[in-house]
Amino acid sequence: MKDDCNFIKIEEKWQKIWEKEKAFESCEDAQKTKYYCLEMYPYPSGRIHMGQVRNYAIGDVISRFMSMKGFNVIHPIGWDALGMPAENAAITQGIHPQKWTLDNISHMKGQLKRLGFSYDWSREVNTCLPEYYKWNQWIFLKMLDKDLAYRKKSRVNWCPQCQTVLANEQVVGERCWRCDTLVKQKEMEQWFLKITDYAEELLSGHGMLEKWPEHVLLMQKNWIGKSTGAHIAFPLPDSSRSIEVFTTRVDTIYGATFMALSPEHPLSQELITDSKDEEILQAWIDKKIEVARLRKDIGEVEKEGIDTGKKAINPYTGEEIPIWISEYVLMEYGTGAIMAVPAHDQRDFEFAKKYSLPIKEVIVPEGKSPKGDLEEAFEDYGVVVNSGAFSGKRCEDAMEEMAQYAKDKGFGSKSVLYRIRDWGISRQRYWGTPIPVIYCKECGIVGVPYEDLPVLLPPEVEFTGEEGSPLENVEGFVNTKCPKCRGDARRETDTMDTFFDSSWYYFRYTSAHEEKLPFEPRSADYWLPVDLYIGGVEHAILHLIYARFFCKFFRDSGLTAVEEPFPRLLAQGMVVKDGAKMSKSKGNVVDPDDMIEKYGADSLRLFILFASPPEKEFIWTDEGVDGCFRFLNRLWTIEEENLDLFSEETIRQEEKMGEEARGLRVKMHLTIKKVSEDIEKRYHLNTAISSLMEFYNQIKRDKDILRKSQEGRAVLKESLESLILLLSPFAPHLCEELWEKTGHKTFLFRTPWPSFDPSLVSEERITIVVQVNGKLRDKFEAERESAEEEIKEKALDLTRIRNIMGDKKPKKVIYVKNKLVNIVL
């Protein structure tokens, strides 16, 4: 008698078995090749959302697959548990941040286990516990010892809503990345990490990251922002002082007709001090400072300015040129001062036109003469003119010679500049790692002795939401003794940016219970680097740059030999419903718990991986998850109907095979090859699932005929067994149950992955025609019998087809097997 499939009961059964057997715990094994699969760890907000389900399901499929391929897999999980939401809960709900966080972790941990993810929970880390943040403090002190951590007064980005400082990377469109509040400027004493010391290595290290998405590398490259040029000093008349500029086009310097300073430049206020309009000018500067630092793109800035009435001397020409102050010059770029060359820089050109300033051509296209009346700046390279002894030279040659001339004369030199700025880590909040520093009137800044770590967060704190850190009002925390002189002193009350925590957690996983160091170096060098790192593209700049910086610091500190922590990155797309990213504010959230109750975890896992490639946007539909539920029920039924095959000895004699048996056997080996390559090489889990569904369809179609012969029964049994093995990384609970029902004693993820017979999968290439609205537009080659979803995906990704489609979405995509794709717009 056939049993009905009770998904919930089956899933609970196998989750208990896995936990009891500690099935997914990992340990070092020198005899096996390691594989470190890691998804970015979650913030314990209270509930797992569908974007996380997708992220973790991708990692789980790959972890299970690599285990079956014989690798020694480590697949850890933990909690990014410090940060603003917990403190906000304390303010609005009266719940202590620790209780709120730990309660959320307890609930979310249950959700993750209910989804059947193969995590090694023995390696779980929680960044809000002292046993973790002690090592944040240890790392900070090591950086302080090496002059990589320092304190200075600076103008910072301040979020009035979060009541804390934001790093430049955390300001998006002049607003807080977390709460979308308009960010203000504020001058404060802050702690910084000297990430700029590693700027060149962070850039050159991209050569080791060939398996990162190109757009992520480009985002990092632009953020680091390397520029090669020259520093040139423009003297002030009748003074020993000068204004230094950095330029990437020193070949245009003879065309500099004015200088422009950022409102934040130290000389800006000084140059207006004796002006009759000093108060008006000062008010203008103050206003511009308020908004200037938030602008990431100079092109966004209005080109307004004021003339200081002062002059500077162009060191090449000896001419005096006016000094202006303008908001289109930012302190974040170069030195906060520019030599303005209107003829060869469009921003300078527009400014000069607006204020009727001189425009002098000094570069022309080869074989051309100066135009005289320019309609726009000529910004290309060419030949230098009107530039003294350098006239007639090609721009590239002139740049070298002019930089050398500046060096010889002592007013400049060739140099390299980076856009990236040091990382401000001070936050005026409670729920973060206390910065382990003490301030003593006699001894100055003193690091907390290593033996006194951790500096604990005091549990009794009042949360008011008012400006300043809640720690400032805890006398027992603030008042302390200096470790050097034993005199009265006070503790630092700022806590660390929580990106500090996530910059090294992947190291901690390798030895989560290590007590003498942040991690055990030998364990780290066994497991690292991470073989596959999975997470959202929104972390391309912040987290991924910081994590790479920490890895290089650990290397330089002798703690690891690892150069780059994540040589392979998979940036998964977001989950969308009703045309928008799932969010509570849009009312389009689907609760994973509801889906598990209705369909089971395996159906949810299968659908979240089936509807699109991992790196693409995923569109949620209830019909889609229902379809996967029905597929798994059909799979259960066909396996149940053929259980008798697994209790009999079957002998396969190939010479006696009928057409259906031969065809199914070929299909089986083609499917093994396709699914293996889709998981391991391409991460196209959607087309792997599609191939498995096609394989199932052929089994169902031919099973009645196959059962009539001994050879057919043997192929059918082998195919049903292979289908369970191949589907198991996607739907592990159901497949474990079927594996047990078919007489097997081992866990599926410890069972060798099936191999294919090369002689049965010789690749036959065919040409697929691509039509748009019935008209031939392109064609491409593919393997015969490729999965339908894969063929459609390739067709839609053709450059010519994308150009024809533009912003239009296809109404329908029709596939005629092995022949054509017709895209209906």
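The values are calculated or read from the model by the stated rules, or taken from the named source; none is laboratory data. Since this is a predicted model, take the numbers as computed values, not measurements. Reconstructed Cβ throughout: ideal geometry from the backbone, glycine too, with neighbour counts over all protein chains shown. In case anyone asks, the SASA skips ligands and DNA or RNA and just uses the protein heavy atoms, side chains included. Shrake-Rupley method; radii C 1.70, N 1.55, O 1.52, S 1.80 Å.
Based on the Kirkwood radius over alpha-carbon pairs, what value in µm²/s does the Stokes-Einstein equation return for the translational diffusion coefficient of the range 627-733 at 20 °C and 1.002 mPa s? The partial results should precede the final answer.
Working: Rh = 14.2 Å.
The Stokes-Einstein estimate is 151 µm²/s.
Can you order the peptides 619-627, 264-272, 65-73 by their average number of other Cβ atoms within 10 Å per residue, highest first?
Numbers: 619-627: 15.1, 264-272: 18.3, 65-73: 20.4.
By packing density, highest mean first, the sequence is 65-73, 264-272, 619-627.
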Projected label distance in nm at GLU270 and LYS152, using a 7 Å step from Cα toward the beta-carbon: 1.6 nm
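Mind listing which trypsin sites (Lys or Arg not before Pro) in the range 428-536 are in a DSSP loop and have 12 or fewer other Cβ atoms within 10 Å?
On the way: sites: ARG429, LYS441, LYS481, LYS484, ARG486, ARG490, ARG491, ARG508, LYS516, ARG522; in loops: ARG429, LYS441, LYS484, ARG486, LYS516.
Listed in order of number, the matching sites are LYS441, ARG486, LYS516.
Hey, can you rank 691-702, 310-321, 176-187 by average C-beta count inside 10 Å, highest first?
691-702, 310-321, 176-187
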Zone residues, the range 706-742, relative to THR650, backbone N less than 14 Å from point 7 Å out along Cα-to-Cβ: 706-725, 742
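Computed from the mean reciprocal separation of all distinct C-alpha pairs, what Kirkwood hydrodynamic radius does the range 428-470 have, in Å? Each step should come with its number before you reach the end.
On the way: mean 1/r = 0.0817 Å⁻¹.
Its Kirkwood hydrodynamic radius stands at 12.2 Å.
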The chain: calculated mean residue ellipticity at 222 nm from DSSP helix runs of at least 4, using -39500 (n - 2.57): -11000 deg cm²/dmol
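Just to verify a number: FRET efficiency for ARG634 and ASP591, C-beta to C-beta distance, R0 = 22 Å, to 0.05? Each step should come with its number before you reach the end.
Details: r = 26 Å, r/R0 = 1.20.
Rounded to the nearest 0.05, the efficiency is 0.25.
Would you mind getting the accessible area per residue of the range 548-668, heavy atoms of the protein chains only, 1.4 Å probe, in Å²? Could you put the intermediate results ahead of the total?
Working: 5190 Å² over 121 residues.
Ligands and nucleic acids excluded, the figure is 43 Å² per residue.
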Debye intensity ratio in log₁₀ form over the Cα atoms of the range 136-179, taken at each q of 0.27, 0.32 Å⁻¹: -0.88, -1.02
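Show me the GluC sites (Glu not before Pro) within the range 338-391 that DSSP assigns to loop and that have at most 16 other Cβ atoms within 10 Å of their Cβ.
Numbers: sites: GLU350, GLU361, GLU366, GLU375, GLU376, GLU379; in loops: GLU361, GLU366, GLU375, GLU376, GLU379.
Filter output for the range 338-391: GLU366, GLU375, GLU376, GLU379.
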Radius of gyration and Dmax over the Cα atoms of the chain, both given in Å: 32.3, 106
Which of SER709, SER387, SER240 is most accessible, then next, and so on - probe 1.4 Å: SER240, SER709, SER387
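If packing is taken as the average number of other Cβ atoms within 10 Å across a peptide's residues, how do 97-103, 714-720 rank, most packed first? Intermediate values should be presented prior to the final figure.
Details: 97-103: 19.1, 714-720: 22.6.
In decreasing order of mean packing, 97-103, 714-720 become 714-720, 97-103.
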Folded to 0 to 90 degrees: helix 601-610 orientation relative to the chain principal axis, Cα: 60 degrees
Degrees between helix 542-556 axis and first principal axis of the chain (Cα, 0 to 90, nearest 10): 80 degrees
Largest to smallest accessible area among CYS27, CYS440 [probe 1.4 Å]: CYS27, CYS440
Values of log10 I(q)/I(0), in the order q = 0.09, 0.22 Å⁻¹, for the range 426-569 under a Debye, Cα-only, solvent-free model: -0.38, -1.26
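Rounded to the nearest 0.05, what FRET efficiency do GLU466 and LYS16 give with R0 = 35 Å and r taken as the Cβ-Cβ distance? Could you check? Each step should come with its number before you reach the end.
Values: r = 49 Å, r/R0 = 1.39.
Computed FRET efficiency for GLU466 and LYS16: 0.10.
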The range 499-605 - percent of accessible surface contributed by carbon and sulfur, probe 1.4 Å: 50 percent
Inter-label distance for GLU25 and GLU189, nm, one decimal - labels placed 7 Å from Cα along Cα-to-Cβ: 4.8 nm
GLU680/LYS708 FRET efficiency (R0 60 Å; Cβ-Cβ; nearest 0.05): 0.95
Helix axis angle, 395-409 relative to the chain longest principal axis, alpha carbon, degrees: 50 degrees
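Provide the gained length on full extension for the span LYS113 to TYR439, in nm with one decimal, where the gain is 0.36 nm per separating residue minus the Cα-Cα distance.
Working: separation 326, 0.36 × 326 = 117.36 nm, distance 4.60 nm.
Result: 112.8 nm gained on full extension.
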Area accessible to solvent at TRP739, 1.4 Å probe radius, in Å²: 10 Å²
Cα centroid separation - the range 648-688 against the range 216-272, whole Å: 65 Å
Environment charge of PHE192, counting only residues whose C-beta is closer than 10 Å and scoring Lys/Arg +1, Asp/Glu -1: +3
Rg followed by Dmax, in Å, when the range 37-116 is reduced to its Cα trace: 15.0, 51
Approximate spin-label separation MET219-SER755, in nm, with each point projected 7 Å along Cα-to-Cβ: 4.1 nm
Radius of gyration, Dmax [the range 165-272; alpha carbons; angstrom]: 18.9, 57
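My understanding is that a pair violates if its Cα-Cα distance is over 27 Å; which of LYS184/LYS353; LYS598/LYS667; LYS152/LYS407; LYS276/LYS311 do that in this structure?
Listed pairs above 27 Å: LYS184/LYS353; LYS598/LYS667; LYS152/LYS407.
How about the range 419-465: which GluC sites (Glu not before Pro) there are in a DSSP loop, with at most 15 other Cβ atoms within 10 Å of their Cβ?
Working: sites: GLU442, GLU451, GLU460, GLU462; in loops: GLU442, GLU460, GLU462.
Within the range 419-465, the qualifying GluC sites (Glu not before Pro) (loop, at most 15 other Cβ atoms within 10 Å) are GLU442, GLU460, GLU462.
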Heavy atoms of TYR815 accessible to a 1.4 Å probe, total area in Å² rounded to 10: 40 Å²
Virtual paramagnetic centre 7 Å along Cα→Cβ of GLU304, amide N under 14 Å, in the range 266-289: 280-289
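Roughly how many percent of the accessible protein surface of the range 323-378 is carbon and sulfur, given a 1.4 Å probe and a whole-percent answer? Kindly include the intermediate steps, with their values, before the conclusion.
Details: 1220 of 2550 Å².
Answer for the range 323-378: carbon and sulfur cover 48 percent of the accessible area.
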